[in-house]
Amino acid sequence: MASEKAGRNKTIDTPLSEGQVYLNRCITVTEKQTDLCAVTNKTIVGNMFAVCPLLPAKSVDLIIADPPYNLTKSFHGTTFTKKKDTDYEAYTRQWLSTVQPLLKDNGSIYVCCDWETSLIVGSVLREFFHVRNRITWQREKGRGAKANWKNGMEDIWFATNSDDYVFHLDAVKIRKKVIAPYRVDGKPKDWDETANGNYRDTCPSNFWDDITIPFWSMAENTAHPTQKSEKLIAKIMLASSSEQDVVFDPFLGSGTTSVVAKKLHRRYIGVEIEPQYCVWAEQRLAMAESNPEIQGYVNGVFWERNSLPAQNAAQKKPGVSKVESEQKRRPEEPDPILTSGNA
Ligand SMILES: C[S@@+](CC[C@H](N)C(=O)[O-])C[C@H]1O[C@@H](n2cnc3c(N)ncnc32)[C@H](O)[C@@H]1O
């Protein structure tokens, strides 16, 4: 039983001592860069406060930032210590002012946070950008609290540099089964009738309930303590960037942003202070060469929960889709959220 479990555990946890081959692919940046090519599609080992001022101004199309939340947490030995709100506000202002010059005038930024940090991030973000929305995603995992509501969500703030920005709505629609098929003159009204069922591609809202955090049986999982899922980052990237755009992550962690960028044909730059996490990021980037799939994103479509049979059917019969696939995909294994009965 134990060995079967171990066999299915896909967690990437290559120790630094065995990851030299991956670390060698990373770069350090110690001088001002005039040419973006030298740093694109690279993992930069270093402190974002030192690295960002050395990168070319107005060079990136999208920033995805997942900074340490205001919690005491160890990142491979480096502990981020919970601060007073005013100090976390100052920290947030400091890193936002460091990344803001890198963003193109028509660029977008997304910032991840928990509910407590969100109170600070949302307001500081306004000092630098046009805040467009606050996405809340349902985060299933978490401990129950004895005298409080269990935390089951996180926020992602969406902001832009100006009113001129990209948003590819059709790339992030969610395919849902039609419960009450409404017809006009006998024809489906805003839905598709297919051999595999009736579906509508719906506009995504700012509440995301179709995403799980990575766990041990998923190919993308690493031993990083706060890894985001590829599906979550893919939604952001597909909506707010185009192919070949430059996506920048100043707190790269295990490399999720860079991996998704590679899979979705964007260019990427990531900065991470811990060499151990850089090893996992590069290992995942290497794996992406042979496995470009993003779990939960199938045939270029995000599916609602509990739709695995329909996804499989759609794979066999691509004609089911009116939104043609950007890339044909099949997840290595089912989205756990789809198979958990956790609707
Ligand atoms: C919340 S985690 C990001 C996780 C990431 N989104 C993922 O999917 O793996 C924050 C990361 O920022 C890194 N970090 C913290 N301060 C940093 C700094 N000043 N410069 C670069 N990286 C930093 C930490 O080591 C940690 O890996």
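FYI, it's all coordinate maths here, none of it is from the lab. Predicted model, so just to flag it, every value in this text is computed and none were measured. Glycine also receives a Cβ, built like all others from the backbone with ideal geometry; neighbour counts cover every protein chain displayed.
Annotations for the structure displayed:
- For the chain, the relative contact order comes to 21 percent (Cα pairs under 8 Å, sequence separation of at least 6).
- Least to most buried among CYS112, CYS203, CYS52 (fewest other Cβ within 10 Å first): CYS203, CYS52, CYS112
- For the residues PRO214, PRO181, PRO67, a GNM of the chain with alpha-carbon springs under 10 Å puts the largest fluctuation on PRO181.
- Alpha-carbon Debye profile of segment 191-288, log10 I(q)/I(0) at 0.21 Å⁻¹: -1.07
- With Cα atoms as the point set, the radius of gyration and Dmax of segment 100-219 evaluate to 19.1, 57 Å.
- With both labels modelled 7 Å from their Cα along Cα-to-Cβ, the ILE179 to PHE215 distance reads 2.6 nm.
- Of all aspartates and glutamates in the structure, those lying under 20 Å Cα to Cα from LYS10, and not within fewer than 8 positions of it along the same chain, are GLU18, GLU220, GLU230, GLU282, GLU289, GLU293, GLU332, GLU333, ASP335.
- Within a Gaussian network of the chain (alpha carbon springs, distance under 10 Å), most fluctuating of VAL99, VAL301, VAL184: VAL184
- The angle separating the long axis of helix 85-99 from the principal Cα axis of greatest extent in the chain is about 90 degrees.
- Note on PHE302, PHE248: ascending count of other Cβ atoms within 10 Å places them as PHE302, PHE248, the fewest first.
- Treating r as the C-beta distance of THR81 and ASN196 and R0 as 45 Å, the FRET efficiency rounds to 0.30.
- Averaging the Cα positions of each part gives two centres, and for segment 69-134 and segment 1-65 these lie 20 Å apart.
- Converting the Cα gyration tensor eigenvalues of segment 136-192 into ellipsoid dimensions via √(5λ) gives semi-axes, longest first, of 35, 24, 8 Å.
- Pairs from the table (LYS104/LYS141; LYS42/LYS73; LYS32/LYS104; LYS84/LYS231) lying more than 24 angstrom apart at Cα are LYS104/LYS141; LYS42/LYS73; LYS84/LYS231.
- Computed [θ] at 222 nm, helices only, for the chain once each DSSP H run of length n ≥ 4 contributes -39500 (n - 2.57): -7500 deg cm²/dmol
- Note on the chain: Cα Rg divided by 2.2 N^0.38 Å, N the number of residues, gives 1.01.
- For segment 10-116, the Rg and Dmax computed from alpha carbons only, in angstrom: 15.9, 42
- Separation in nanometres of the label points that stand 7 Å from Cα toward Cβ, at ASN41 and ASN151: 3.8
- Note on the chain: with a GNM built from Cα contacts shorter than 10 Å, the maximum mean-square fluctuation among GLU193, GLU230, GLU282 falls on GLU193.
- With neighbour counts taken as other beta-carbon atoms within 10 Å, the residues LEU102, LEU16 rank, fewest first, as LEU16, LEU102.
- Tail beyond 17 Å, pair distance distribution of segment 258-305 (Cα, percent): 42
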